[in-house]
1. What pairs come up if the first residue lies in region B:97-118 and is in the same structural domain as B:Gly137 (by TED's automatic domain parsing) and part of a loop (DSSP other than H, G, I, E, B), the second is among the small types (Gly, Ala, Ser) and surrounded by fewer than 17 Cβ atoms within 10 Å (Cβ to Cβ), and their beta carbons are under 7 Å apart, counting only those six or more places apart or on different chains?
2. Has region B:94-107 got any residue that is among the β-branched types (Val, Ile, Thr) and modelled with pLDDT of 95 or more?
3. Taking the condition crowded, with 21+ Cβ neighbours inside 10 Å, charged (D, E, K, R), touching a residue at least 24 places away in the same chain (Cβ under 8 Å) and within 8 Å of another protein chain (Cβ to nearest Cβ), does B:Arg344 pass?
4. For the structure I just gave you, tell me whether B:Ile332 is free of Cβ contacts under 8 Å to residues at least 24 places away in the same chain, closer than 29 Å to B:Glu235 by Cβ, touching an Asp or Glu at 6+ places or on another chain (Cβ under 8 Å) and within 9 Å of chain A (Cβ to nearest Cβ).
5. Out of A:Ser116, A:Ser104, report the one residue that is of a type in the set (Ser, Thr, Tyr), out of contact with any Pro (no Cβ under 9 Å at 6 or more places or on another chain) and within 30 Å of B:Ser362 (Cβ to Cβ).
6. Mind listing whichever residues of region A:127-144 are more than 22 Å from B:Arg344 (Cα to Cα) and out of contact with any Asp or Glu (no Cβ under 6 Å at 6 or more places or on another chain)?
7. So, of the residues in region A:109-130 that are buried (at least 17 other Cβ atoms within 10 Å of the Cβ) and in contact with a Phe, Trp or Tyr (Cβ under 8 Å, 6 or more places away or on another chain), which turns out to be farthest from A:Pro80 (Cα to Cα)?
8. From (1) in contact with a Gly (Cβ under 7 Å, 6 or more places away or on another chain); (2) basic (Lys, Arg); (3) under 22 Å from A:Arg156 (Cα atoms), pick out the condition that doesn't hold for B:Lys310.
Amino acid sequence: MAVNGAETAEKIKSLIYKTCLYQDDCEWKNWLDLCSEDFNYYIRAYSPEIQKDMEYMGGPKEYMESITGQLRKHNIDDSPLKRHGVVYRVDVSDDNKLATAVTSLTVFQTLLGGNSSHVDSGTTGIFLVGRYNDKFVIDGDDVKFIEREVRLDTRRLDKGTHWPI
Amino acid sequence: MSARNHEQWNAQPILQSGEWVDSKIYSDEEIFEEELEKIWKQMWIPVCHESELKNAYDFRTMTIAREPVIVVRGKDMKVRAFLNVCPHRGNMIERRPSGSFAKSTPSGTPKTMTCMFHAWQFDMKGKCVNITRKEEGYQDRLCESDVGLRELKSEVYFGGFIWVSLNDNINQTVEEFAAGALDSLAPSVNEEPLEVFHYHKAIIDCNYKLWHDTNCEFYHDYLHYHNRITGFNDEYFARKNTGFKGGHVNVGSFEVQYENYEGFHSREELSFPHLPANQWYMIDMFPGVNFNLRGSALRSDIMTPLGPNKVMIEFRGLGLASDSPKDRKIRIDHHNSIWGPFGRNLCEDLIAVTGQGAAMQSGSESRQILHGRHENETIHDENGMRHYYEEWGRWVGRSPSYPDQPFVEPAETA
């Protein structure tokens, strides 16, 4: 890690936590503003059932902007998701231009509509577990996401969600 | 009359018998148990795809009507199915969802199915090949040939899907069982080998038939913003809904206008063989299997009923085994954008049917669920569901509209 790498690493941790807050609040534009124009997003999982690495969602920044921009037109499950991330590791390149980070992730869902809102609303359960595998580009003081891979352990996703994780 | 009181709410609908079902068929424990015995244990059920067992000694495990099943590929490359139950003490032989018997396990040697409990071993044809300490324990009273596995009927059919039946006496091939319902897509899925690229599962609180209904009727496209703006034209409303013998239904095709949804594109460049650009077919097989081809990606829904108000649905996505990595990536994106667990449509369907499940729980008052739309057997006609429930009535022996009464053939009621 470069001399100033520790400072950059702290900045990266802060950036990752900021994405959790923005996404929890469905502030998709604010989330994507933290990403470079070359950003790519993926949700992936390995399936022991079919013994294959799978991609459940993926696309460049423009695509993510497009689909999040149309969410209001969809019938979504609006039970809030809360992302609990713990940044386990940040690695900054020696030239301080690139970085990677690994974040342990648990996403909780608090039912709103649920199966029966009278009974279920307010109930919190684990929606999924996995990791964020993030890549960053660094330009002086400016740090932006260039790639986020959400690597899921969970493959039983029941109703799923329209929202990026 | 506007809102109705209890008596009015429970009165017989104006529609004809057969144009509604009693919601008891979605919630009653006794009916559910009958369905497992009279339907699910009698039918051909596709359990996985041959690409999930590519090599000799590969296996997949699953259940049909609570019975543990294992599918293995033998040294002769033939796929066989067995009850995944050791004949010794009834333990499940293999616990993993998939894998290979080519290598040894902690209790057993390679190339055998070994029950971890007492290390009884079986070959890929289900023959018992080793009983540990046989002579000491059984002397000459029992030997390997007495304790083979229970083999199940199996076939590979329709683009490489592996079909299994618990019924030894089933007197139809899968082709005969399908009765032509699969023919519309057969050229597209049989031209070259397919490969599964996507798997995920949902376990949701609703009856399995409600998920099947949702795949049978497209009137619910009002639920889907994507489908409204990429469809809902004259060609869409002319799509035919065709019933086949055995309760199967085929929803005909039309050209989807994907580019009408911002960020989406035509699927023409990767159409399945013999499929015109951007076509979309749906085949609903009795009692709870769906094949859905949208131009470049095939989806299968295989249901495992878990209770009157609980079903597991396994979702698979398939492409061509010959896909280049670039083409596969595009095909996966096409599949996921609509049908993935984070896609535009699938979660909407699942939200809707769990709402039905919540309103029809066991013990709730019976409701009349209407299947009475007639639109010349086109896309918003509900003839597909009527056709399905007629077959359901035959197998269960109950009237779908009056489930406490015996099923009577419609012609006999005229």
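The values are calculated or read from the model by the stated rules, or taken from the named source; none is laboratory data. Bear in mind the structure is a predicted one, so any value in this text is a computation, not a measurement. Please note: Cβ atoms are built from the backbone with ideal geometry, for glycine as well, and neighbour counts cover all protein chains shown.
1. Listed by first residue and then by second, the contacts come to B:Pro110/B:Ala102; B:Pro110/B:Ser104; B:Lys111/B:Ala102; B:Met116/B:Ser107.
2. no
3. The answer is yes for B:Arg344.
4. No, not satisfied.
5. A:Ser116
6. A:Arg131, A:Tyr132, A:Asp134, A:Phe136, A:Val137, A:Ile138, A:Asp139, A:Gly140, A:Asp141, A:Asp142, A:Val143, A:Lys144
7. A:Phe127
8. In the conditions (1) in contact with a Gly (Cβ under 7 Å, 6 or more places away or on another chain); (2) basic (Lys, Arg); (3) under 22 Å from A:Arg156 (Cα atoms), B:Lys310 misses (1) alone.
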